[in-house]
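The values are calculated or read from the model by the stated rules, or taken from the named source; none is laboratory data. All values reported here derive from a predicted model rather than from experimental measurement. Please note: Cβ atoms are built from the backbone with ideal geometry, for glycine as well, and neighbour counts cover all protein chains shown. Calculation scope for accessible area: heavy atoms of the full protein, side chains included, ligands and nucleic acids excluded. Shrake-Rupley method; radii C 1.70, N 1.55, O 1.52, S 1.80 Å.
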Amino acid sequence: MIKYLKRSKAADVRANDDAKVRKTVESIIKDIETRGDIAVKEYSQKFDQWDPADFRLSRADIEVARKKLSAREIEDIEFAQKQIRNFAQIQRESMKDVEVETLPGIILGHKHIPVNAVGCYIPGGKYPMLASAHMSVLTAKVAGVPRVVSTAPPFQGQPHPAIVTAMAMAGADEILVLGGVQAVIAMAIGTQSIDPVDMLIGPGNMYVAEAKRQLFGRVGIDLLAGPTETLVIADESVDAELCAVDLLGQAEHGPTSPAILLTTSEKLAKETLIEIERQLKILPTAEIAAKSWANYGEVIVCDTEQEMLVKANELAFEHVQVMTKNPDYFLEKMTNYGALFLGPRTNVSFGDKVIGTNHTLPTNRNARFTGGLWVGKFIKTCTYQKVLTDQASAMIGEYCSRLCHMENFFGHGEQANIRVRRYGNSPDLPWYQPVLAND
């Protein structure tokens, strides 16, 4: 039996918020389609108070940003990128081209081909999320994408030196200082000064996520990565302090970031509620985290581990941190999640910043049908076929012709028929007769 000690904001209120976001984004897309750079500049001024002569940084601009960082800061970025690059390369190497002779004279295969141009959005208005540069730009480059455009909003009225440096070190071909929904739209549809891309990548707030949703089809997207979600699954083997830290550590992302404790221990649940209130009095980002926790936080008590598993799969959260006696139970049985963090020694922050896995992950229950960002998201798996002999062409043509006849696809059937007539020397069989009408 499931018991809620704390519930989140009502679903109908969230739906109303979503409707407002959809309408706003739709109007901005139409405006940028119509007015291009002029509209982009106006939105940049309105939302970020940012109006440079050029949103694109020069090599000299990038070098100025790099010189603002200490040697230790550069070293830390290099360390993080090394871990992320290494795991991305291992993932890429797991993707093999194939070619096989499935029947005598018939060759089938597939090739993994990277997309030609990717636009990477790096959030940075409230927090300078340089880690997103590693996750998107670097991963795209490991995948082999020829042109990677990367953009982040200004931070406190200027390009953030760490974000710019991280984008450059990750291999971005073009770096923009442009934020929010206007940046995503500009990269997708193109303007007078920004060439369009084929795919949009990267997390963002609800407006960025909605822009990606509405632009999908014109361009590809990685996934709909909206406000951060975290689910802590715990039992009495851990304490309330650890649970509270890990919930608030993600709630600080923004005022709409869900954070849920799922536990079999009502004692731990009650202690965590108390501990969260204590920590909110001393957490520097408490203003944001408190709002997120008040509106989107939940504490759920279950009777059994199996009941927690069912609820966790139903929630299908972005981050799932498992701190139980046997965390591998969830690794073996859980099916809906963006990323798992197993045991008290790890946590979501490790994955967000440095450990090597990618932090761009599905939210809003999208983990039911997609995983997170990885090199494979940038790659199209494209098939091909070759028929090497007359006998093979005629043989497969006979099957194809009869199957087309069952579907009344006469033009398709004639594509098969002509091969059978030419390569099989069997013009008299009835299903090989021409079927295309002369009129």
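The table for this structure:
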quantity	calculated
Scan of the range 130-161 for residues that are open to solvent by 10 Å² or more (accessible area, probe 1.4 Å), hydrophobic (A, V, I, L, M, F, W, C) and without any contact (Cβ under 8 Å) to a residue 60 or more places away in the chain, ordered by number	Leu130, Phe155
Whichever residue in the range 213-256 is in contact with a Pro (Cβ under 6 Å, 6 or more places away or on another chain) and closer than 23 Å to Ile185 by Cβ and, among such residues, is modelled with the lowest pLDDT	Ala225
In the range 26-85, the residues that are open to solvent by 40 Å² or more (accessible area, probe 1.4 Å), touching a residue at least 60 places away in the same chain (Cβ under 8 Å), among the polar types (S, T, N, Q) and within 16 Å of Ile185 (Cβ to Cβ)	none
Residue that is farthest from Gln321 (Cα to Cα), among those in the range 227-261 that are β-branched (Val, Ile, Thr) and open to solvent by 10 Å² or more (accessible area, probe 1.4 Å)	Thr256
Check on Ala15, among the aliphatic types (A, V, I, L, M), open to solvent by less than 80 Å² (accessible area, probe 1.4 Å) and modelled with pLDDT of 95 or more	no
Condition met for Gly171 (closer than 30 Å to Ala294 by Cα and open to solvent by less than 30 Å² (accessible area, probe 1.4 Å))	no
Count of residues meeting criterion [in a strand (DSSP E or B) and β-branched (Val, Ile, Thr)] in the range 152-208	3
Selection from the range 262-279 of residues that are open to solvent by less than 30 Å² (accessible area, probe 1.4 Å), hydrophobic (A, V, I, L, M, F, W, C) and over 31 Å from the mean Cα position of the chain (by Cα)	Leu268, Ala269
In the range 211-226, residue surrounded by the fewest Cβ atoms within 10 Å (Cβ to Cβ) [restricted to those that are of a type outside the set (Val, Ile, Thr), outside any helix (DSSP H, G or I) and under 15 Å from the mean Cα position of the chain (by Cα)]	Phe216
